[in-house]
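Read through the structure below, which is laid out as structure tokens, and then see the notes.
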Amino acid sequence: MNFDEAKKLYEKHGINVDEVLESLSKVKISLHCWQGDDVRGFLNRDQELTGGISVTGNYPGAARTAEELRQDLDKALSMIPGTHKVNLHAIYADTEEKVSWDKLEPKHYTPWVKWAKEKGLGLDFNPTCFSHDLSADGFTLSHADNDIRKFWVEHCKASRKIGAYFGEELGQPCVTNVWIPDGFKDIPVDRLAPRVRLKESLDEIFAEELNPAHNLDAVESKVFGIGSEAYVVGSHEFYMGYAVQKQKLLCLDAGHFHPTEVISNKLSSVSMFTPGILLHVSRPIRWDSDHVVIMDDELMDIARELERHNLYSTTHIGLDFFDASINRIAAWVIGARNTIKAILRAKLEPVELLKKVELEKDYTTRLALVEEFKSYPFGAIWDHYCEKMGVPVREEWLNQVKTYEKDVLLKR
């Protein structure tokens with residue numbers, strides 16, 4: 001079915017496809033830089049990955065320098081419709097200077113800002129509280145040693161200022177997200193004291209008011225990780241309470257909950273009590289294994305919740321996975337395109353009609369329409385959108401990735 005025929009089908013239900021595509025073009029996805037080099041960064045590339053982070057695979061072509069990483073991101077973004085953002089961790093500083101992580105400054109990221117300006121991109125940021133000698137025992141902001149804890153507090157303070165620099169320079173807010181790996185492998189006696197220390201650390205980190213037009217603070221929980229199977233200091237309950245009390249963004253990562261728990265069902269509730277939400281769209285298998293995002297039921301449900309409750313203005317969408325068993329650029333493209341496809345599908349549903357029949361208790365019509373729209377020809381709309389935005393249609397992008405792999409990646 002071609003675009004015009006598909007458009008008429010949707011218009012029968014009052015869906016203005018042109019308006020849908022216009023609104024879709026304004027949705028920004030934040031591509032996580034760490035997919036491109038297996039979370040190594042450039043500040044200390046020889047440091048072993050810690051904090052429960054493990055990257056599987058050794059596919060050729062991982063970026064070795066910031067310049068190579070930007071080149072790879074350019075290639076990925078050329079195949080993803082829309083204008084988006086890139087999410088950096090602190091370890092991706094682009095500098096020849098040997099700098100302690102608690103002394104990082106905006107100047108260490110100026111090449112990233114120059115590049116983002118040239119490309120019309122936004123930047124997001126994260127302090128890196130792992131893969132460092134002072135995080136080797138699994139604790140950072142909740143550490144019992146005040147000197148070590150102070151180091152990580154200063155690192156996070158520096159990260160917020162870098163985020164604010166990004167936002168001011170690029171004219172759009174930078175979301176600076178705090179995640180820490182702190183926890184115990186086996187059952188602790190004192191669950192409270194580390195959380196008290198974490199709260200004190202966060203209070204100190206966020207004490208300085210920054211312009212929200214430049215920087216937005218977020219906090220991220222986890223249910224468990226390798227080395228913290230029994231207890232994680234920064235649990236969902238801890239950070240949800242903190243985000244509500246301090247009015248910070250709450251980061252919901254699709255892989256950071258129990259295996260039968262989903263984040264889509266949390267969005268409406270969290271949106272009522274926090275100033276916004278940061279999504280880390282990922283795909284857990286068995287545990288927080290950060291697989292490439294596919295268009296599965298949970299991704300669709302996340303997109304539907306965003307659309308049905310009009311949460312785009314207060315929700316920041318980022319990807320978070322790292323797979324070194326396949327072409328890393330393809331992983332970005334697959335994940336980002338699937339996320340945008342899911343949002344498009346959600347926008348092509350007759351939301352107001354569905355809400356109306358639900359209010360009228362006509363649950364038969366509600367179920368029937370929801371199911372029928374699953375097979376409506378959104379693919380024709382998607383193909384038209386890709387063509388309109390100047391990116392490859394359907395799997396044509398894969399040929400470009402294969403050519404880039406041959407010409408660039410395999411020569412590294």
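Tabulated values for the structure
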{"read-out": "Enumeration of residues in region 70-102 that are at pLDDT 95 or above, out of contact with any helix residue (DSSP H, G or I) (no Cβ under 7 Å at 6 or more places or on another chain), farther than 30 Å from Ile343 by Cα and not polar (S, T, N, Q)", "value": "Ile91"}
{"read-out": "Which listed residue is out of contact with any His (no Cβ under 9 Å at 6 or more places or on another chain), assigned to a loop (DSSP other than H, G, I, E, B), buried (at least 20 other Cβ atoms within 10 Å of the Cβ) and not aliphatic (A, V, I, L, M), from Gly234, Gly255", "value": "Gly234"}
{"read-out": "Selection count, region 293-306, where residues are surrounded by fewer than 22 Cβ atoms within 10 Å (Cβ to Cβ) and either in contact with a helix residue (DSSP H, G or I) (Cβ under 8 Å, 6 or more places away or on another chain) or touching a residue at least 60 places away in the same chain (Cβ under 8 Å) (or both)", "value": "7"}
{"read-out": "Filter result for the condition that a residue is touching a strand residue (DSSP E or B) at 6+ places or on another chain (Cβ under 6 Å) and on the phi < 0 side of the Ramachandran plot, over His384, His309, His291", "value": "His291"}
{"read-out": "Region 324-353: number of residues that are surrounded by fewer than 19 Cβ atoms within 10 Å (Cβ to Cβ) and farther than 27 Å from His89 by Cβ", "value": "4"}
{"read-out": "Evaluation of Asp217 against (1) in a loop (DSSP other than H, G, I, E, B); (2) within 20 Å of the chain's Cα centre (by Cα); (3) among the charged types (D, E, K, R) (one fails), failing number", "value": "(1)"}
{"read-out": "Matching residues, region 163-209, being touching a Ser or Thr at 6+ places or on another chain (Cβ under 7 Å) and aliphatic (A, V, I, L, M)", "value": "Ile180, Leu198"}
{"read-out": "Filtered residues of region 1-45 (kept if without any contact (Cβ under 8 Å) to a residue 12 or more places away in the chain and acidic (Asp, Glu))", "value": "Asp4, Glu11, Asp18, Glu19, Glu22"}
{"read-out": "Residues of region 81-126 satisfying the condition of being among the aliphatic types (A, V, I, L, M) and over 16 Å from the mean Cα position of the chain (by Cα)", "value": "Ile91, Ala93, Val99, Leu104, Val113, Ala116"}
{"read-out": "Matching option when the condition is crowded, with 24+ Cβ neighbours inside 10 Å, in contact with a Lys or Arg (Cβ under 9 Å, 6 or more places away or on another chain) and modelled with pLDDT of 95 or more, among Gly167, Gly122, Gly183, Gly163", "value": "Gly183"}
{"read-out": "Region 72-103, residues that are part of a loop (DSSP other than H, G, I, E, B) and in contact (Cβ under 8 Å) with a residue 12 or more places away in the chain", "value": "Ser78, Met79, Ile80, Pro81, Gly82, Thr83, His84, Ala93, Asp94, Thr95, Val99"}
{"read-out": "Residue satisfying all of: in region 315-361; under 18 Å from the mean Cα position of the chain (by Cα), in a helix (DSSP H, G or I) and among the small types (Gly, Ala, Ser); nearest to Pro284 (Cα to Cα) among these", "value": "Gly335"}
{"read-out": "Pairs where the first residue, in region 386-411, is surrounded by fewer than 17 Cβ atoms within 10 Å (Cβ to Cβ) and the second is in a helix (DSSP H, G or I), C-beta under 6 Å, 6+ apart", "value": "Val393/Asp383; Val393/Cys386; Val393/Glu387"}
{"read-out": "Residue ID - nearest to the chain's Cα centre (by Cα), chosen from residues in region 38-59 that are under 18 Å from Ser282 (Cβ atoms) and not aliphatic (A, V, I, L, M)", "value": "Asp38"}
{"read-out": "Qualifying residue in region 171-184 (condition: under 21 Å from Trp34 (Cα atoms), assigned to a loop (DSSP other than H, G, I, E, B), among the acidic types (Asp, Glu) and free of Cβ contacts under 8 Å to residues at least 60 places away in the same chain)", "value": "yes"}
{"read-out": "Test: residue in region 135-155 that is surrounded by fewer than 24 Cβ atoms within 10 Å (Cβ to Cβ), under 20 Å from Val113 (Cβ atoms) and among the polar types (S, T, N, Q)", "value": "no"}
{"read-out": "Restricting region 170-210 to residues that are in contact with a strand residue (DSSP E or B) (Cβ under 9 Å, 6 or more places away or on another chain) and among the aliphatic types (A, V, I, L, M), the residue that is farthest from Leu88 (Cα to Cα)", "value": "Ile187"}
{"read-out": "Single match in Phe321, Phe373 (criterion: within 30 Å of Asp74 (Cβ to Cβ), buried (at least 17 other Cβ atoms within 10 Å of the Cβ) and aromatic (Phe, Trp, Tyr))", "value": "Phe321"}
{"read-out": "Number of positions in region 104-121 that are touching a strand residue (DSSP E or B) at 6+ places or on another chain (Cβ under 8 Å) and either farther than 13 Å from Cys33 by Cβ or assigned to a helix (DSSP H, G or I) (or both)", "value": "4"}
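The values are calculated or read from the model by the stated rules, or taken from the named source; none is laboratory data. What you are looking at is a predicted structure, and each value in this text was computed from that prediction instead of being measured. Cβ atoms come from the backbone with ideal geometry, glycine included; neighbour counts cover every protein chain shown.
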